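K.L.:
My questions all concern the structure below.
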């Protein structure tokens, strides 16, 4: 097992976690837990003697963690790795099953922007309400009130119900309250994903300030590697509820990106999609420049009665949102009728996605149902390039896809 | 920075005996220690006190929100009990002509409604508050008991207005309740405890089983007719056989609501035995409800 980088010593520990596990009980056989009394009673009547067959699922398993005061630690990992559960346990929203957590200092947690904001209440009322929900005393909010309003830039609309706010204003106000939380430990989930770029920067700056000046510990979950890189001193990589790595951001990021590939290595005989290789200019790669071509080679291991087989590739962004989907029959009328076919290639002449990391999912179907779906089979990192020949390099600010356009004007 | 500086989850000292895995380090005492919860959790009054600002904030929110976007606004606080008492006066006073021991039927109904509203509002609000605030329960920590307690606050605001109305009515009808009025807080406190106890219990249950939401209103309605709200205990004693009246008194609300009316109007049929029974049941239900709530609290965020 990997030891924490810092073992706790004397007074500078902010968070100490030992042997933390969180288990959820789930009903076996894919059955939902009975949520009405009738169902519950019925289940009991049907099997009066047998206890409900349950299965234990460990969202977190034996986590050891030490975080010092003044540290900003990023928590990364795939969806379902246990990041959110860890934050929830640390912020006492849910309880651990086993283990010990000691927190040295007040904890403020920001798992969502504007928790408890009420649309009918005015900006002023919401500042007080939200502040109280985040754990601030009324006197504390009072002294910070002007700073909060100033940070959000909503002076004019203080006495307007927030339901009349634009979504930007709403987020800014909610964030402003949170940014003025003066706890020694701050726990932040992926909340920076909302709000405009400008304001995000302002928030990040504020957070950085806080950790530098006041020596507060910040725990931070994000899928955005750029933010993690900018903000954090250390990173914790979670995988299947366990700590996979603690240490430098660089190494953690690399391990994280590699990890997305592991399903690729695990080759199961029953799987008909055996692998996916990406090639750029005939060299296997996971990087491609914007506007360049990319070839995907899908290895197949089809069953005997292969018929009407069509293959699709889905591009998903860091948030798991589907960005593009390509499919053999739709794109080129390619349908496979023979089990002896073991390789399908797909040429994508121009990758017109904004720079970033995309996960690729391969789907195998027979025109009616999906036969097999393999998530995280590969990832592709799209790198910015001057594709318009104007010296401009597109970034995530441009949206999700890149469009070519011809501009002109009269005269 | 004063409010939550010293939150401790476990006031239990036995936790401190478990040595941390690195002995020899003279570690400072943690502000918060999180441990797997035990089946029965003590009620942490200190922590509740630390979060008193949140309690006020929740209560203020509810009071402010109640009459937003209504034409008559806060006037509803006055109109609602008057309407309720009016209906009861018509049904029990005018149509059924139940005995009122010489009191004007409207006043009898109004005093009954005053006590009943305190109970029923508290019960229905506390039982629903966990589910109504589920988003918050899943996203932020605070002692969960703050939510049901805040509901009492907002009921109290309505009651204060009703109490003024009672004073006005007493002046109009020229009734002086005398010293019994001093005991009004006792009955009210018992009613609140009873309502909170049931409310926390059903509220915790509702987190897992939403059926409670549909059953409770029916039960509350039944309880209203089974309690001396629109009529007095004297009517029960006169109209029903003795054994049924005794059965009727097993409803803890019977003595408490009659007690409230007696305190406000100076007339009522109170029985010390039943009063003690109602008062002790209220305290018992409150304590039990609070412990059940604490016991189920740890599951709220996972189940809700």
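K.L.:
Taking 41 Å as R0, compute the FRET efficiency from the Cβ-Cβ separation of residue B:226 and residue A:163 and round it to 0.05. The partial results should precede the final answer.
P.N.:
Values: r = 42 Å, r/R0 = 1.03.
Here the calculated transfer efficiency is 0.45.
K.L.:
Now for a different question. Considering every residue in A:12-20, what mean count of other chain Cβ atoms within 10 Å of its Cβ is obtained?
P.N.:
Working: counts 0, 4, 2, 2, 6, 1, 3, 1, 2.
If you average over the peptide's residues, the count of other-chain Cβ atoms is 2.
K.L.:
Output the direction-averaged projected area (hull surface divided by four) of the convex hull of the alpha-carbon atoms of segment A:298-372, in nm². Display every interim value, and only then the final one.
P.N.:
Values: hull surface 21.6 nm².
If you wrap the Cα atoms of segment A:298-372 in a convex hull and average its projections, you get 5.4 nm².
K.L.:
Identify which of A:350, A:68, A:242 has the largest mean-square fluctuation in a Gaussian network model of chain A, with springs joining Cα atoms closer than 10 Å.
P.N.:
A:350
K.L.:
Quick check on chain A: what does the Kirkwood estimate of hydrodynamic radius come out to from the alpha carbon pairs, in Å?
P.N.:
Values: mean 1/r = 0.0405 Å⁻¹.
It works out to 24.7 Å.
K.L.:
Taking neighbour counts of Cβ atoms within 10 Å as a proxy for exposure, in what order, fewest first, do B:201, B:49, A:407 appear? Mind dumping the intermediate values first?
P.N.:
Values: B:201 22, B:49 11, A:407 4.
Neighbour counts put them in this order, fewest first: A:407, B:49, B:201.
K.L.:
Pick from A:156, A:202, A:22: which is most flexible by mean-square fluctuation in a GNM of chain A where alpha carbon atoms under 10 Å apart are linked?
P.N.:
Most flexible of the set in this elastic network: A:156.
K.L.:
Taking neighbour counts of Cβ atoms within 10 Å as a proxy for exposure, in what order, fewest first, do A:409, A:346, B:260, A:203 appear?
P.N.:
Values: A:409 4, A:346 19, B:260 27, A:203 22.
Least crowded to most crowded, the residues run A:409, A:346, A:203, B:260.
K.L.:
Label residue B:173 and residue B:243 with points 7 Å out from Cα along Cα→Cβ: what is the distance between them in nm?
P.N.:
3.5
K.L.:
Helix A:138-152 versus the longest principal axis of chain A: what is the Cα-based angle in degrees, 0 to 90, to the nearest 10?
P.N.:
Once rounded, the angle reads 50 degrees.
K.L.:
For the pair residue A:204 and residue A:98, how long in nm is the line joining their label points, each one 7 Å along Cα→Cβ?
P.N.:
4.0
K.L.:
What is the antiparallel percent of DSSP beta bridges lying wholly in chain A, to the nearest 5? Walk me through the intermediate numbers first.
P.N.:
Details: 59 of 78 bridges.
Percent antiparallel among DSSP bridges in chain A is about 75.
K.L.:
Say R0 is 41 Å: what FRET efficiency, to the nearest 0.05, do residue B:269 and residue A:138 get from their beta-carbon distance?
P.N.:
Numbers: r = 47 Å, r/R0 = 1.14.
Efficiency at R0 = 41 Å is approximately 0.30.
K.L.:
How big is the antiparallel share of DSSP beta bridges in the protein assembly as shown, given as a percent to the nearest 5?
P.N.:
Numbers: 62 of 81 bridges.
Of those bridges, close to 75 percent are antiparallel.
K.L.:
Relative to a virtual label point 7 Å from the Cα of residue B:56 in the Cα→beta-carbon direction, which members of segment A:134-148 show backbone nitrogen distances below 17 Å?
P.N.:
Within reach of a label on residue B:56, which here means backbone N under 17 Å from a point 7 Å along Cα→Cβ, segment A:134-148 contributes A:134-145.
K.L.:
Among A:127, A:218, which comes first, then next, by fewest other beta-carbon atoms within 10 Å?
P.N.:
On the way: A:127 27, A:218 24.
Final ranking by Cβ density, sparse to dense: A:218, A:127.
K.L.:
Between B:254, B:57, B:190, where does the largest GNM mean-square fluctuation fall for chain B, given springs only between Cα atoms within less than 10 Å?
P.N.:
Result: B:57 has the largest fluctuation of those listed.
K.L.:
In degrees, nearest 10, range 0 to 90: what is the angle between the Cα axis of helix B:211-225 and the longest Cα principal axis of chain B?
P.N.:
Roughly 30 degrees between the two axes.
K.L.:
Relative to the longest principal Cα axis of chain A, at what angle does helix A:167-179 sit, 0 to 90 degrees, rounded to 10?
P.N.:
Between helix and principal axis, roughly 60 degrees.
K.L.:
Label residue B:91 and residue A:24 with points 7 Å out from Cα along Cα→Cβ: what is the distance between them in nm?
P.N.:
Placing both labels 7 Å along Cα→Cβ, they lie 4.6 nm apart.
K.L.:
Follow-up question, since we're still on this one. Mind checking the full-extension length gain between residue A:407 and residue A:393? Use 0.36 nm per residue of separation minus the Cα-Cα distance, one decimal, nm.
P.N.:
Details: separation 14, 0.36 × 14 = 5.04 nm, distance 1.76 nm.
Contour length minus the Cα-Cα distance gives 3.3 nm.
K.L.:
On average, how many beta carbons from a partner chain sit within 10 Å of the beta carbon of a residue in B:133-141?
P.N.:
Details: counts 2, 0, 3, 5, 1, 6, 13, 14, 13.
Per residue, the average neighbour count from other chains is 6.
K.L.:
Using a 7 Å offset from Cα along Cα-Cβ at residue A:40, what residues in segment B:183-211 end up with backbone N under 14 Å from the label point?
P.N.:
B:201-211
K.L.:
Let me ask something additional. Calculate the mean, over all residues of peptide B:33-44, of how many other protein chain Cβ atoms lie within 10 angstrom of the residue's Cβ. Before the final figure, lay out each step's value.
P.N.:
Values: counts 5, 14, 7, 9, 3, 0, 0, 0, 0, 0, 0, 0.
Across B:33-44, the average partner-chain Cβ count within 10 Å equals 3.
Bear in mind that the values in this text are calculations on the coordinates, not laboratory data. All values reported here derive from a predicted model rather than from experimental measurement. No Cβ is skipped: glycine too gets one built from the backbone with ideal geometry, and neighbour counts run over all protein chains shown.
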